[in-house]
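Here's the structure we're looking at; comments come further down.
Throughout, read-outs are computed from the coordinates displayed, never taken from laboratory work. In this text the structure is predicted, and so the values were computed from the model without any measurement. FYI the Cβ positions are ideal-geometry reconstructions off the backbone, even for glycines, and counts take in every protein chain you see.
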Amino acid sequence: MNKKWITIIIVVVAIFLVYNFFTGRYNNMVTKEEAVNTEWSNVETQYQRRSDLIPNLVNTVKGFANQEKEVLVGVTEARSKASSINLDASNLTAENMQQFQAAQGQLNSALSRLLVTVEKYPELKSNQNFLELQAQLEGTENRIAVSRKRYNETTQEYNTYIRTFPNSMIAGWGGFERKPLFEAEEGAEKAPEVQF
């Protein structure tokens, strides 16, 4: 009778330990995946903040530089395209991330052209509204960089966790997949040429 109870206790304890092992790791994966999703939402929030600033910036410049219509239209179109690409945290794939980054890159390029155009208008550069919007835009670009960095750090931790053994078995069983990272744009490794 004693051996029977000892065997039952050992089996129950073994089942309990195995259950805790798997559920603990599974729950860690859920927690880490949610952290990635939260960081992605933070990235999107900063891009949305930038997108919201752009119409005010364009309207301010428009009042001073009507002849720069092509640049203003380019910024507006790039903003529209960047805003149209909605990348949900549950749909983060490398391909979708590349499309998102390409649209954001086009918007960055259009904004750069707009800010270069502004150099031609000293009265605009001293306009308080423009200076305030420019400062907010610069701050937003910094926030975007910080959010992207945090997203990459959180995603790297998550990806590493789900790819290590024995977590990789549980990840496969639970449907956890690698999340893409933000990567530098093609050609970013080359320093821009400045000519005077």
Problem - Ranking of Lys3, Lys125 by count of other Cβ atoms within 10 Å, fewest first - result: Lys3, Lys125
Handout entry: Under the Karplus curve 6.51 cos²θ - 1.76 cosθ + 1.60, θ = phi - 60°, whole-Hz ³J(HN,Hα) for region 156-164, x wherever Gly or Pro sits
Key = 4, 5, 4, 4, 5, 4, 6, 9, 8
Practice task
Just need the relative contact order of the chain here, percent rounded to a whole number, with Cα pairs under 8 Å and 6+ apart.
Solution key: 31 percent
Exercise for the section: Enumerate the lysines that Lys179 could reach by cross-link, defined here as Cα to Cα under 26 Å, with residues fewer than 8 away along the same chain left out. Expected result: Lys32, Lys81, Lys149
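I need the calculated FRET efficiency for the pair Glu138 and Phe22, taking r as the beta carbon distance and R₀ as 41 Å, to the nearest 0.05.
Details: r = 48 Å, r/R0 = 1.18.
In this case the efficiency is close to 0.25.
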Handout entry: Table column - 3J(HN,Hα) (Hz), region 134-139, Karplus curve with 6.51, -1.76, 1.60, x for Gly and Pro
Key = 5, 5, 5, 5, 4, x
Exercise for the section: Would you list, by chain and number, the aspartates and glutamates whose Cα falls below 18 Å from the Cα of Lys62, excluding same-chain residues fewer than 8 positions away? Expected result: Asp52, Glu70, Glu77, Glu119, Glu123, Glu132
Problem - From phi via Karplus (6.51, -1.76, 1.60), per-residue ³J(HN,Hα) for region 20-37 in Hz, x at Gly/Pro - result: 4, 4, 6, 5, x, 5, 4, 5, 5, 5, 4, 4, 5, 5, 5, 5, 4, 4
